[in-house]
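Every number in this text was worked out from the coordinates using simple rules, so none of it is lab data. Note that this is a predicted model, so its numbers are computed, not measured. Reconstructed Cβ throughout: ideal geometry from the backbone, glycine too, with neighbour counts over all protein chains shown.
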Amino acid sequence: MKKNLFATGAVALMLAACSSGIDTNSDWDPSADFSAYQTYAWVEGAYTSGYGDLVDTRLQSAVEANLNAKGLRKATRAADADLGVGFQVTTEDRTTYQTVSSGWPGGYYGGYGYGGWGGGSSTTYASNYTDGSLIIGLFDLGSKQMVWQGVGTKTLSSGDQSPEERAENINEAVAKVMESYPPGS
């Protein structure tokens, strides 16, 4: 079952257990001239994780740091920007099953001809886990079309983290997702 929001405030854990183990992919409009994009602004209403202001602020700061490092500038007004920026966080609950069999096969003992069916049992174990995804989208504000999207997905783990650790982990996750922007770099 897909959920758009974590039920617990675990986004900080999301891609937060650090960027290692995050599967990323990206897609983009091959007709877009990425060298023409010089400025960006946040698309109103398109950048909330659903986990509160602290997480949203950390995510925004990490995205802005990555865009700035790539030579883009944040516009003072959205109307003056080339690119619109947004993000979304999703989770999906998953279950895996593992069956373990024990027992003995049937067969013959020596030359005495005992034949028969073996006995044994099988037990199936279920493991529940949650995958979290961070989706970052960049939109051409002139055409109102998405031109680049990066996605990072990781199996979430629980754990107690300090605010500094959460910020560091979010920074690493965003950097990993945004490695492929701009395309061909």
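Straight-line reach from Lys74: taking Cα to Cα under 16 Å and skipping same-chain neighbours fewer than 8 places apart, the aspartates and glutamates in range are Glu44, Glu64, Asp82, Asp140. Summing Lys and Arg as +1 and Asp and Glu as -1 over all other residues whose Cβ lies under 11 Å from the Cβ of Gly84 gives a net charge of -2.
Compactness check for the stretch 23-66: Cα Rg over 2.2 N^0.38 Å is 1.43.
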